Structure formats: C-alpha cells, structure tokens
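One structure is given below, encoded as structure tokens.
The values are calculated or read from the model by the stated rules, or taken from the named source; none is laboratory data. Treat the numbers as computed from the prediction; the structure is a model and nothing was measured. Positions of Cβ are generated from backbone atoms using ideal geometry, with glycine treated the same way; all protein chains shown enter the neighbour counts.
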Amino acid sequence: MTKIKILPEILSNKIAAGEVVERPASVVKELVENSLDAGSTRIMVDIAQGGRSLIRISDNGSGMNRDDALLALERYATSKIYKDQDLFSINTLGFRGEALPSIASVSRFSLVSREASADAGTEIIVDGGKIKNVVEVGAPPGTMVAVKQLFFNTPARRKFLKTIGTEMGHIADKMASIAIGHPAVHFRLTHNEKVVKDWLTTAEPLDRIVDVLGKDLKNDLLAINSQNNDIAISGWIASPRANRRTARAIYMYVNGRFVRDRIVQHALFEGYSQRLVKGHYPVAVLLIRVPFDEVDVNVHPTKNEVRFARQKDVHEAVRQTVAQTLYEMDRPGWGPSGDGDEARFDATHQVAEAEKTGFGSQDSAFGTRHSAFGKKRLEFGGRKSEFGSGSADVGKRKDHEGDSEWKLVPDDQAHAPINDFSAADSHPAPRTPHPATPPPRLQSGRKSALATCG
C-alpha cells in the first residue's frame, strides 16, 4: 500500500485558503475584483461584525448561467485564461481560479447570479466546501455573493482574527485602494447596515482621489505624466509638505492592479530625495502602464506583487517623472502672472533686468571697492571681468606666466569714479577736502599691514 495519497478536494481547498484568505479584507478584495472583471459599474459591499458574521458583495456585471456558476466553484476553473501563452499576458485582475472554492471551503457560502438575457437566476448554497443546494431564483442581472461565519470550520484561524474595528479598518483600506484605481465605478461600503463609504461614479480621477484621501489634499496634489517607449507613468503626487507618518497613503497601480512593489516605491522615494525628513512618507497615486507581456503578476496567490521584465527602466521612469515634477514646482514663477498683453513678458528680458542689478554692464559689486583699511582700493587685476560685457581694467596687475600680484592704488586715485576706470588711470581725481576717515582700531593692538601701507 502506498504512503503517498492525493488529498481530498475539500482539504486541498482549505490549504489554498490559508494563502488566499488571510482575513475578511482578503475575501472582500477577491470578490470585488471578480465583480470588476465582470464589467460592473456599481458594486455594493455589506459587512457585519467586521466580516466575521457576514460579507456580501453585489454587482451589476455580466452574471453567469447555471453551468458557469457551478464551474466557478471548482478549483482552477476560470474564464480569464485558456492556454499557456495567456499566463504571460494577463489583462484581468483575477486569473488563478482559486478564490471562490477557497472562500467557500472555510465559510457558509451562497452565490446568486443571472445573465441579462436569462429569465431566471441561479442560486448555489455551499457549506464548508460542500454544495448543499442549487435552485433557480428570481434575481436582477449581475451576481451576489454572501460569505457567512468565516473560518467557522477552522477555529485556529478564527481565533487569530483581530477586533471588529481592526478588521473593518482593513476592509475600508482595501476598498479605498480599489476605488482609487476605478473612478468610473460606484462603490458603497456599509457596516452593520450603516453606510461607511459611498464613492459615486466620476469622470475625473482627481475627484475620486480627493474623495478618498481627503479634500484638504486637493491644493497640494501635482499631476504627473510621462511616456517613455512603452512605459507610461501618470497619476498625482503631493507636495513634500503634505506628508504622512506611514506609507499607507502611497497607492501604486500596474495596468489597473493595486500592488505593493519595492522597486516602484524606491523610485518614488528617490524622486522625493532630500525633500522629506526621515520617518515621513509622501502621498502619491502612481498609475503605471506597461505591455501586459512585460509584467508577471503570477508571483503570489494574493496577486499583490509583480515582476517587471524591464525593472531598471520602470524604476528610472518613475524616479525621473516624480523628480521633474517636484523640480518644476520648486522653480520660481517665470510664466505670465495674468491674462492679456500686459501680463506677457519674455524670460530672457527678465534675466537681462536681473543682470543689470548685479552682474551686467552696471557697476559690479565684485569690481573696484573702497577698502575699509586706509581707504585704499583693492584691484582684482587687468583681466576681462567675467561679470560684465566689456573689459574691466580695474587696476594694473603684473601677470607673469600665470602668476598675478595684487597692487594698491595710490591715495590720489582712491576717489576716482568707479564706473570710469580709464579716467582713474589717466586723470587722477583731486583729493577730497574732507579728511580721510581713520582706519578702525584693531582689537589685538597690533597694527594692520593694510593700514600702514598708506
């Protein structure tokens, strides 16, 4: 007699449930993703006791006939992929065919579904993985799945569930992450028959982001958009001042799928380099589009992780897009401040005006200066000034083989006009009738070398 045996289907489904169904929030995620794949535009999520006693998902999607509804409860049965090549170009949220049988094996499960063209719907009752009843019922087009008494037959798993408030918090976070990525779908979340969240359909993704993350962020959100070959980056990032203490406000989507990816998150942090203090995290919604055959979503049963075929290219695209957007935010305003011809001005003209005040053809602050010690003038040499447009012969300097030496101008030239350097050399200005201001007294008591050279 052989020692190795094939496990019963119910037992294998319970084992698979250990990976797919971690907590009530996992059930909500899998069922809502199925509704989205069915083309739903309205998804209602009803929760009781933090998901311990009831999780019910209702949608207006395509629905299923009787045969498809029964097959959906079989392990590895799916309508998302059919052949080996499909596994490497997945364009749906679900594809493994494990969620429904895994959930049904650890709960008291019911499914009601109807196609729009059918006269009646189908109801299937499952108790701990065993089908109890299949009947025809009246139902609207779409699908409704109810999960009651989750983990009733796995007491160890049920024991380690957290408090009702904690589990409900995880469900709300999961719904928020899905709602941000699908603004064209109406989501409603209730707990114990009270509406917790109600995100209406919107044509503007920014409105959904503000609705989910808070209206106080609206003025701090910056749109990002870039296209590099087949990698498209879009979304919104918040200015550095609108940061968080945790990374929970970072939402990353790859081809519409919410993921947690270290490569993308690291690229986001690099884009915010030196703008956030340690322990603070940015607020960001990143929408990444890559060819379906260049990303592997079959990494973990929860489908929260992905692998990129061009990992470095994706990292650089995200980093550069975020950094460029923040750089443009930090730049001073060079554009027009209003409408009409009066508000228009040329950036080069502004630069020229700025040069006149410091580095242009006007008297440069780096040119000839009156020394505080003995009213002597320090000369910076006879070379052409790098800050002006002409030759700034600010004194006479000896230049031998790259060596230069400083020279002090005599007192009779100390008060020549600093904007006419040639006049200072050829026509010395007369001495001023006012006595020269004595040099300041040195604190050390020793005479300054500059003070004695006059």
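Filtering segment 254-268 to residues that are part of a helix (DSSP H, G or I) and in contact with a helix residue (DSSP H, G or I) (Cβ under 9 Å, 6 or more places away or on another chain) leaves ILE263, VAL264, GLN265, HIS266, ALA267, LEU268. If I filter segment 319-330 for residues that are under 29 Å from GLU30 (Cβ atoms) and surrounded by 14 or more Cβ atoms within 10 Å (Cβ to Cβ), do I get at least one hit? No, because not a single residue in segment 319-330 is under 29 Å from GLU30 (Cβ atoms) and surrounded by 14 or more Cβ atoms within 10 Å (Cβ to Cβ). All conditions but one from (1) among the β-branched types (Val, Ile, Thr); (2) surrounded by fewer than 20 Cβ atoms within 10 Å (Cβ to Cβ); (3) within 21 Å of GLY235 (Cα to Cα) apply to ILE178; the one that does not is (2).
Every residue, every condition in (1) outside the structural domain of GLY165 (by TED's automatic domain parsing); (2) among the aliphatic types (A, V, I, L, M); (3) free of Cβ contacts under 8 Å to residues at least 60 places away in the same chain, yes or no:
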residue: LYS14; (1), (2), (3): no, no, no
residue: ARG23; (1), (2), (3): no, no, no
residue: LEU31; (1), (2), (3): no, yes, no
residue: ARG75; (1), (2), (3): no, no, no
residue: PHE95; (1), (2), (3): no, no, no
residue: SER110; (1), (2), (3): no, no, yes
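Out of the residues in segment 55-80 that are hydrophobic (A, V, I, L, M, F, W, C) and surrounded by fewer than 19 Cβ atoms within 10 Å (Cβ to Cβ), state the one that is nearest to the chain's Cα centre (by Cα). It comes out as ALA77.
The residues of segment 269-279 that are assigned to a loop (DSSP other than H, G, I, E, B) and either of a type in the set (S, T, N, Q) or under 12 Å from the mean Cα position of the chain (by Cα) (or both), listed by number, are TYR272, SER273, GLN274. Of the set (1) at pLDDT 95 or above; (2) farther than 21 Å from SER177 by Cα, all apply to SER337 but (1). Applying the criterion of at least 1 residues that are of a type in the set (Ser, Thr, Tyr) to the strands (runs of 3 or more DSSP E) found wholly in segment 92-166 leaves 108-114, 121-127, 142-148. Here ILE224 fits the description: in contact with a helix residue (DSSP H, G or I) (Cβ under 7 Å, 6 or more places away or on another chain) and either farther than 20 Å from ILE43 by Cα or assigned by TED's automatic domain parsing to the domain that holds VAL295 (or both). Can you confirm whether segment 180-189 contains a residue that is in the same structural domain as ARG75 (by TED's automatic domain parsing), closer than 21 Å to SER105 by Cβ and out of contact with any Leu (no Cβ under 6 Å at 6 or more places or on another chain)? Scanning segment 180-189 turns up no residue that is in the same structural domain as ARG75 (by TED's automatic domain parsing), closer than 21 Å to SER105 by Cβ and out of contact with any Leu (no Cβ under 6 Å at 6 or more places or on another chain). Residue count for segment 11-47, restricted to those that are over 23 Å from VAL112 (Cβ atoms) and outside any helix (DSSP H, G or I): 2.
Just so you know, in segment 112-127 the residues that are free of Cβ contacts under 8 Å to residues at least 40 places away in the same chain and of a type in the set (A, V, I, L, M) include one that is surrounded by the fewest Cβ atoms within 10 Å (Cβ to Cβ), and it is ALA120.
If the condition is being of a type outside the set (A, V, I, L, M, F, W, C), crowded, with 18+ Cβ neighbours inside 10 Å and either outside the structural domain of GLN49 (by TED's automatic domain parsing) or within 20 Å of ARG108 (Cα to Cα) (or both), then segment 128-153 contributes GLY128, GLY129, THR143.
Rundown of residues vs (1) among the β-branched types (Val, Ile, Thr); (2) in contact with an Asp or Glu (Cβ under 6 Å, 6 or more places away or on another chain); (3) modelled with pLDDT under 85; (4) over 17 Å from VAL145 (Cα atoms), yes/no style:
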site	(1), (2), (3), (4)
SER58	no, no, no, no
LEU71	no, no, no, no
LYS83	no, no, yes, yes
ILE90	yes, no, yes, yes
LEU93	no, yes, no, yes
ARG96	no, no, yes, yes
ALA104	no, no, no, no
ARG108	no, yes, no, no
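Selection within segment 202-234: residues that are under 27 Å from VAL290 (Cβ atoms) and assigned to a loop (DSSP other than H, G, I, E, B). The member of this set that is modelled with the lowest pLDDT is ASN229. What number goes with the only condition from (1) in contact with a His (Cβ under 6 Å, 6 or more places away or on another chain); (2) closer than 26 Å to LEU54 by Cβ that ALA267 does not pass? It fails just one condition, (2). SER226: polar (S, T, N, Q), more than 30 Å from PHE109 (Cα to Cα) and in contact (Cβ under 8 Å) with a residue 40 or more places away in the chain, yes or no? Against the criterion (polar (S, T, N, Q), more than 30 Å from PHE109 (Cα to Cα) and in contact (Cβ under 8 Å) with a residue 40 or more places away in the chain), SER226 qualifies.
For segment 61-83, a tally of residues being farther than 14 Å from ALA118 by Cα and part of a loop (DSSP other than H, G, I, E, B) returns 11.
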